[in-house]
2 protein chains.
Amino acid sequence: MANNPLVSDRNVEFLLYEVFDAEGLCRLSAYEEHSRETFDLVLQNARKFAREVLLPTYKAVDEAPAQRVGEGIRVHPALQAIYPKLVEQGMTAATRPVSVGGQQLPHTVATLCALYGMAANLSAVSYLGLTAGAAHLIEAFGSEALKAEMMSRMYSGQWTGTMALTEPQAGSSLTDVKTTATPTEHGHYLVRGNKVFISGGDQDLTENIVHLTLARIDGAPLGIKGVSLFAVPKKRLESGKLVPNDVHCAGAFHKMGWRGIPSIALNLGENGDCHGWLVGEPHRGISYMFQMMNEARLMVGMQAIATASVAYFESLEYARVRPQGRPLTSKNPASPQVPIIEHADVRRMLLRQKAIVEGALALGVQTALYADVAAHGSTPQERQRAFLLLDMMTPIVKSFSAEKGFESNALAVQIHGGYGYTSEYLPEAWLRDQKLNSIHEGTTCMHSMDLLGRKVLADQGGALRLLRSDIDASIQRASAAGIDPEWCRALERAVARTGDVTMQLASLGMSGNVDEMMLHSVDYLDLFSTVVVAWQWLLQAAVAQEGMAKAASDTSSEFYEGKVCAAEYWIKTELPRVDHLAALCTGGDGSYARMSPAWF
Amino acid sequence: MANNPLVSDRNVEFLLYEVFDAEGLCRLSAYEEHSRETFDLVLQNARKFAREVLLPTYKAVDEAPAQRVGEGIRVHPALQAIYPKLVEQGMTAATRPVSVGGQQLPHTVATLCALYGMAANLSAVSYLGLTAGAAHLIEAFGSEALKAEMMSRMYSGQWTGTMALTEPQAGSSLTDVKTTATPTEHGHYLVRGNKVFISGGDQDLTENIVHLTLARIDGAPLGIKGVSLFAVPKKRLESGKLVPNDVHCAGAFHKMGWRGIPSIALNLGENGDCHGWLVGEPHRGISYMFQMMNEARLMVGMQAIATASVAYFESLEYARVRPQGRPLTSKNPASPQVPIIEHADVRRMLLRQKAIVEGALALGVQTALYADVAAHGSTPQERQRAFLLLDMMTPIVKSFSAEKGFESNALAVQIHGGYGYTSEYLPEAWLRDQKLNSIHEGTTCMHSMDLLGRKVLADQGGALRLLRSDIDASIQRASAAGIDPEWCRALERAVARTGDVTMQLASLGMSGNVDEMMLHSVDYLDLFSTVVVAWQWLLQAAVAQEGMAKAASDTSSEFYEGKVCAAEYWIKTELPRVDHLAALCTGGDGSYARMSPAWF
């Protein structure tokens, strides 16, 4: 563990400066203060902090989760020690404008900085990740008073923030939120209700916590269009002092992972004295949330990639140093055992992890770049184009990384053999952490329906045409770099097939057969993800091939060789699954459509 | 949890008496004392005990693993209370002859009895499962003295037994076992060495434990042919009293699951006073072990099926009672929420679990039937035929159940949503339990090499022809029952394809390209498993179709409908993967063959 890099620095450099032109972002006025030097500086800080401060505390925090003590939650002492240092890193407002205390750093860079911290100690960094999302909601939609009182304290880390959406009777069905908000004459509302699964919903790290809470104003319409957004602090400021705000920790869930950050059940307004302040306009809470969704979902995707990445490197190192067995063709028991990386199937498991981690990461960085251009591109057209692509890639970055990340984490356990099953080693803990990512911020099924039902059909198919043009550009680049034409053709065929499937399903939807259209949405997500990750692998192979032509040393060639090999793996073993998935989506199995609940 | 059936009684009845003719076994002389009545009686006892005694203790035992106290291990108090009752169940020697205190029960039935206990509390029943395996080694190969002194006490549950194979420097590479055994003039050997991952290697349930230990007699040849088998008790009998035998618990591994049974590091002979008794002849330890392997591996397969089964039923019940969301085509927020089983993707996840659990179980029962005929068939030909099939199916029952079982357990967590990630619910615990099954008793890769390198080529391809003829018989039955001819043809094609792939790979091996032959052994295992499970599903669909024709009530029709639906799911969504897997095996991707360790 001691030397686990968490994330490959060389790969980060490759993605930022060879595959994607991160320096080019500095031509946009929002980022004109930045340069490769400032990017590298923040990255270097993030790495050092993650490796030297965050990672060494991971195991202790996993072994002794936050505890309820009296009315509140006591976090692990190691987190108490880390928290001020985490705040000092200044990542909470990293991407926000200088005007609100931020560094105006592109997401493309900030995301990679965050990745190191997530790989080192997911729970620890999540307090501030959630705070950033909550503060951003106030920044975007809140009044000046809320910004001055709450947002600034959140961005500075003096207070933390949470997202308080889920209720016990509703789960993911936000339509069914029942928490109420009664207006008063004093500008605030009286909030009453129960929330569950609130990550960081209580802690003893900071003096206060602001819960960005969904609730219904009395008399609001039924359904999603009657839900409003409120800032509900644990304590409220009265005459410059913090007083209790009738927000109670009703309990902490015991979780299989993410054990450093508690998941809390909150009771709001048990005594009729919970003040909440409306954020933005009444009844628009869900639409505000949705505007922040991409951010939160990309963050979950990155958490998944980080968790798979750290486990990948752990199993890679283990495979290099653990001697066991001999080559198939040399069974002489007098010969020394070989490191298990010499066994082909161990290399398969490592290469599969690499292909998942670095494929998902490339797509994540690509998507962060879309996010930066969507926010700060020079023209409305450029921003709109990037926004459509950002919107389409988001469910994939989130769900592909979570689903395949889980598989990748399981492989890291498998490579460790019996040791992988023990908590003397960390892969089992990372596997436990990973499982949450397919559930929170929307389950895999919900993202598949978002992708198929909304994202790929956006702009009358225009979004899909934009993607196609970006993929075509990468195929051109691969072709020019001398990549095997068969790989390029395989991607072209898969893209065409995906387009056909999409059109078939869309026409089902348009003729009113929504159930049939959506029946294989999870297979469709798998299909689409497999193809766009193949795109990112072909692109990486192209850049690696270009790099090899210019490489000054064997060491840099080795890195590039690894990229080409992983690309080959994905294109030859995963991409061919497209035919099967496409067949399923458009006329395959209807067994579970007709499976009656009584038949199980 | 309270009403979790663990395993479907109706399905057990279906498999035993409708799909496979378990009563027919009573025509064999070994089982002539048995009848459907005795089978049902032991099954009924096993169910009742599992549901009423074992399951209620599962959560407590998972939460508070066995602890090291002083020199030894203290197990959970609940296990202390259960153990005598477990022994009373008499399952340790269930399949053994009456002459050694057994019930001479067919494996076909005993396996299903064991399944309930494994599903209820895997760790608790494993103490006796391991004891049964260890005692059976002494029964098969030990001297009369060892049988009298040790085996009888093990079968009766007075002592437990373990398998002490693994050493820290060797792991799965038994060639590299270093523990030594020095002959003495008194009939015993002095054993010295270190063993790890010894399940149940210490406990305070019984007065003694016998470790069936691999060691090298001084001067033995290097490698696998110099390894002998010893019975090494924790305490030895001297003048009728138990005295310490220099066997020391060096520590307990902390594990992610199976938390009721400790995994122990043992030091043997630290003080030069550890007596071991040779079992069988010198240097034949590995071959003895291998003769018991099928039993142990089928047991792991059953553990995997049991762990997936209990979670399947838990998520099924949750999906039936948990209201959330509305149908896609009815978004009226005033309408009540529907149980999540109404959502197609939840039904997909349930049907996939059913297909995995019941597909693997059918194959497991089929294989147990082969085991019974292999041991007690009426003619040498019949026994040899069954033995070849038993041998071929064993790695599949073990590894398919472990790998797909893990996926199935993850789906049970996913269906529970956020609750699934908490230990207030049990699916997360079963997911943790499941992960071990792809590692212990041979990793998935080792089983894939066993299947491809040995089992499918046995008897010059004769084994494969036997399988083919059994599958053909099922296709005939399906055809006669009126199953969709396209399903039958799909299986026929897949079987033919599997045969072609096998021949291609075999010829690579015969021409000396063993590395190339074995490169995709895990894909080959996946291919082969997918096909034989499809066979078992087609067979079940055929029997269900026959049953429906005769069904007296709607309730029994529902069960049969579910079988046909699950068969359709497997045949339409999983079986088509065969083409992709076959292509990979015979000329697919060579990326990880050429991926140099330095390129990662």
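Quick notes on this structure:
- Filtered residues of segment A:143-181 (kept if of a type in the set (S, T, N, Q) and within 14 Å of another protein chain (Cβ to nearest Cβ)): A:Thr166, A:Gln169, A:Ser172, A:Ser173, A:Thr175
- Tally of residues being hydrophobic (A, V, I, L, M, F, W, C) and open to solvent by less than 10 Å² (accessible area, probe 1.4 Å) across segment B:260-301: 8
- Unique residue being open to solvent by 40 Å² or more (accessible area, probe 1.4 Å), at pLDDT below 95 and at negative phi when the list is B:Glu23, B:Glu71: B:Glu71
- Residue list for segment A:199-213, restricted to those being crowded, with 24+ Cβ neighbours inside 10 Å and either within 14 Å of chain B (Cβ to nearest Cβ) or of a type in the set (Val, Ile, Thr) (or both): A:Gly201, A:Ile209, A:Val210, A:Thr213
- Considering the conditions (1) closer than 30 Å to B:Ser378 by Cβ; (2) touching a residue at least 40 places away in the same chain (Cβ under 8 Å); (3) open to solvent by 70 Å² or more (accessible area, probe 1.4 Å), B:Glu37 is excluded by exactly one of them, (2).
- If the condition is being in a loop (DSSP other than H, G, I, E, B), crowded, with 23+ Cβ neighbours inside 10 Å and within 14 Å of another protein chain (Cβ to nearest Cβ), then segment B:219-255 contributes only B:Val227.
- Selection within segment A:314-336 - facing chain B (nearest Cβ under 7 Å), in contact with a helix residue (DSSP H, G or I) (Cβ under 7 Å, 6 or more places away or on another chain) and open to solvent by 20 Å² or more (accessible area, probe 1.4 Å): A:Arg320, A:Gln324, A:Leu328, A:Thr329, A:Pro333
- Filtering segment B:69-92 to residues that are in contact with a Pro (Cβ under 8 Å, 6 or more places away or on another chain) and not in a loop (DSSP other than H, G, I, E, B) leaves only B:Ile73.
- Residue in segment A:551-564 that is open to solvent by less than 10 Å² (accessible area, probe 1.4 Å) and either at pLDDT 95 or above or closer than 22 Å to A:Arg468 by Cβ (or both) present: yes
- Residue, most open to solvent (accessible area, probe 1.4 Å), within segment B:584-595, restricted to residues that are more than 29 Å from the chain's Cα centre (by Cα) and within 7 Å of chain A (Cβ to nearest Cβ): B:Arg594
- Looking only at segment B:19-33, residues that are in contact (Cβ under 8 Å) with a residue 60 or more places away in the chain and part of a loop (DSSP other than H, G, I, E, B) come to 3 in all.
- Filter result (out of contact with any Phe, Trp or Tyr (no Cβ under 6 Å at 6 or more places or on another chain) and open to solvent by 30 Å² or more (accessible area, probe 1.4 Å)) within segment A:152-164: A:Ser152, A:Ser156, A:Gln158, A:Met163
- Among the candidates B:Glu167, B:Glu149, residue that is among the charged types (D, E, K, R), under 21 Å from B:Thr206 (Cβ atoms) and crowded, with 16+ Cβ neighbours inside 10 Å: B:Glu149
- In this structure, B:Leu369 does not qualify as within 21 Å of A:Met595 (Cβ to Cβ), within 16 Å of the chain's Cα centre (by Cα), crowded, with 21+ Cβ neighbours inside 10 Å and away from chain A (no Cβ under 14 Å).
- Any hit, segment B:365-378, residues being out of contact with any Phe, Trp or Tyr (no Cβ under 7 Å at 6 or more places or on another chain), at pLDDT 95 or above, under 21 Å from B:Leu575 (Cβ atoms) and in a helix (DSSP H, G or I): yes
- Those residues of segment B:411-427 which are open to solvent by 10 Å² or more (accessible area, probe 1.4 Å) and facing chain A (nearest Cβ under 7 Å), in sequence order: B:Gln414, B:Gly417, B:Gly418, B:Ser423, B:Glu424
- Options A:Leu174, A:Leu146, A:Leu205; residue that is at pLDDT below 95 and either of a type in the set (A, V, I, L, M, F, W, C) or touching a strand residue (DSSP E or B) at 6+ places or on another chain (Cβ under 7 Å) (or both): A:Leu174
- Residue match in segment A:57-67 (condition: surrounded by 20 or more Cβ atoms within 10 Å (Cβ to Cβ), at pLDDT 95 or above and within 20 Å of the chain's Cα centre (by Cα)): yes
- Taking helices (runs of 4 or more DSSP H) as the structural unit, those lying wholly within segment B:444-548 and holding at least 2 residues that are buried (at least 24 other Cβ atoms within 10 Å of the Cβ) and either of a type in the set (S, T, N, Q) or touching a Pro at 6+ places or on another chain (Cβ under 8 Å) (or both) correspond to B:444-450.
- Screening B:Glu382 with (1) part of a helix (DSSP H, G or I); (2) open to solvent by 20 Å² or more (accessible area, probe 1.4 Å); (3) touching a residue at least 12 places away in the same chain (Cβ under 8 Å) gives one miss only, at (3).
- Screening B:Glu144 against (1) surrounded by fewer than 24 Cβ atoms within 10 Å (Cβ to Cβ); (2) under 30 Å from B:Phe313 (Cβ atoms) leaves a single unmet condition, (2).
- Condition check for B:Ala567: open to solvent by less than 10 Å² (accessible area, probe 1.4 Å) and within 11 Å of another protein chain (Cβ to nearest Cβ): yes
- Check on A:Ala50, part of a helix (DSSP H, G or I), among the aliphatic types (A, V, I, L, M) and open to solvent by 40 Å² or more (accessible area, probe 1.4 Å): no
The values are calculated or read from the model by the stated rules, or taken from the named source; none is laboratory data. Given the structure is predicted, the values throughout are model-derived calculations rather than measurements. Methodologically, a virtual Cβ is constructed for each residue, glycine included, from the backbone with ideal geometry; neighbour enumeration extends over all protein chains shown. With ligands, DNA and RNA removed, areas are computed over all heavy atoms of the protein, side chains included. Shrake-Rupley method; radii C 1.70, N 1.55, O 1.52, S 1.80 Å.
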